[in-house]
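*Asks:* The following block contains the structure, expressed as structure tokens.
The values are calculated or read from the model by the stated rules, or taken from the named source; none is laboratory data. Keep in mind the model is a prediction, meaning the values are calculated, not measured. Here Cβ is always computed from backbone atoms with ideal geometry, including for glycine, and neighbour counts include all displayed protein chains. Protein only, heavy atoms only, side chains kept; ligands, DNA and RNA dropped before computing areas. Shrake-Rupley method; radii C 1.70, N 1.55, O 1.52, S 1.80 Å.
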Amino acid sequence: MKLRHVSTQVRDLAAATRFYEDVLQLPVRGGSGEAVVSVGESALTLREEPRSTVCDHLAFDIPPRRLERAASWLRARGVVLLTRDGSDEFEMPPGWNARSVYFEGPSGSILEFIERRDLKEAAPDRFEAPSILRISEVGVATPDVTRDRQRLVGAGLERYGGTSSDDFSPVGGMPGLLILVTAGRAW
């Protein structure tokens, strides 16, 4: 499954647009009350909803063996990487064959650059905005992860990576995953 187009709400469209244009250096085109960000093969529509309480998770694929360069590129743009136990790089479970860095985006969203070692995209040694390949994950908060996972699997999607629980379940395939999480769960 590929995620070609994702739509989300932001509290402040101008601030979100500045983040994607100035920080991530991605092309953005605006419209009335919304903007569309080109993210490699994907498009991300930002819709302004000032009272929104949505807190999204989006992951962006980057080429294999570019995570350190991507992290440095983010830091050079003033982005503070999220840490846990003193580390800002996270090895994913074995079935994922991937590593990630996380950072805060507009309206409290949690964004991720993920390097999937099974992808075969060629890339230059440097990292820059065109190195961001696509949106590869969308976090979906739900009151019942198990029920919704069963519905999606029943509709033809697959469980992914051998990691499922009552509060976290990836569904779909590389490079397009819906990450089902219990509402309120810390990312």
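*Asks:* Just checking my list [x] 32, 24, 15; [y] 43, 16, 13; [z] 24, 21, 16 against semi-axes √(5λ) of the Cα gyration tensor in Å computed from this structure; which label fits?
*Replies:* [z]
*Asks:* Let me ask something else. Stretch Q150-M92 to full length: gain in nm at 0.36 nm per residue minus the Cα-Cα span? Don't jump to the answer; show the numbers that get you there.
*Replies:* Values: separation 58, 0.36 × 58 = 20.88 nm, distance 2.32 nm.
Fully extending the segment from Q150 to M92 adds 18.6 nm.
*Asks:* Could you list which residues have their amide H under 5 Å from that of Q9, counting only those 5 or more apart in sequence or on another chain, with H placed in the peptide plane?
*Replies:* R47
*Asks:* Which whole-angstrom value gives the distance between the alpha carbon centres of segment 121-143 and segment 35-88?
*Replies:* Using only Cα atoms to place each centre, the spacing works out to 8 Å.
*Asks:* Further question on the same structure: Please list 84-94, 52-62, 139-149 highest first by mean number of surrounding beta-carbon atoms within 10 Å per residue. Intermediate values should be presented prior to the final figure.
*Replies:* On the way: 84-94: 11.2, 52-62: 19.8, 139-149: 16.3.
Highest-to-lowest ranking by the protection proxy: 52-62, 139-149, 84-94.
*Asks:* Taking 0.36 nm per intervening residue step and subtracting the Cα-Cα distance, what contour gain separates T163 from E49 on full extension? Don't jump to the answer; show the numbers that get you there.
*Replies:* Details: separation 114, 0.36 × 114 = 41.04 nm, distance 3.35 nm.
Extra length available between T163 and E49 comes to 37.7 nm.
*Asks:* Using modelled amide H (1.01 Å from N, peptide plane; none on Pro or chain starts), what sits under 5 Å from the amide H of L26, excluding residues fewer than 5 places away?
*Replies:* For L26, the qualifying residues are E21.
*Asks:* What number, in percent, do you get for the relative contact order of the chain if the mean sequence gap of Cα pairs under 8 Å and at least 6 apart is divided by its residue count? It would help to have the intermediate numbers written out before the result.
*Replies:* Working: 412 pairs, mean separation 43.6, N = 187.
It rounds to 23 percent for the chain.
*Asks:* Of the options H57, S42, G108, report the single residue whose Cα projects farthest towards the positive end of the charge dipole of segment 33-126 (beta-carbon charges: Lys, Arg +1; Asp, Glu -1).
*Replies:* Going by the Cα projections, it comes out as S42.
*Asks:* I'd like to compare 19-28, 100-109: which one has the highest average count of other Cβ atoms within 10 Å, and what's the full order after that?
*Replies:* In descending order of packing, they fall as 100-109, 19-28.
*Asks:* Something else: Within the accessible area of the chain, what % is carbon and sulfur when the probe is 1.4 Å and the other protein chains stay in place? Can you show the working numbers first?
*Replies:* On the way: 4520 of 9210 Å².
Accessible surface attributable to carbon and sulfur in the chain totals 49 percent.
*Asks:* While we're on this one: Please give the length that would be gained between E34 and E21 if that part of the chain were fully extended, namely 0.36 nm times their separation in residues minus their C-alpha to C-alpha distance (nm, one decimal). Spell out each step's value before the answer.
*Replies:* Values: separation 13, 0.36 × 13 = 4.68 nm, distance 1.42 nm.
Computed gain between E34 and E21 is 3.3 nm.
*Asks:* Let me ask something additional. List the relative contact order of segment 103-170 as a percent without decimals, with contacts defined as Cα pairs under 8 Å and 6+ residues apart. Working shown, then result.
*Replies:* Working: 30 pairs, mean separation 12.8, N = 68.
Across segment 103-170, relative contact order equals 19 percent.
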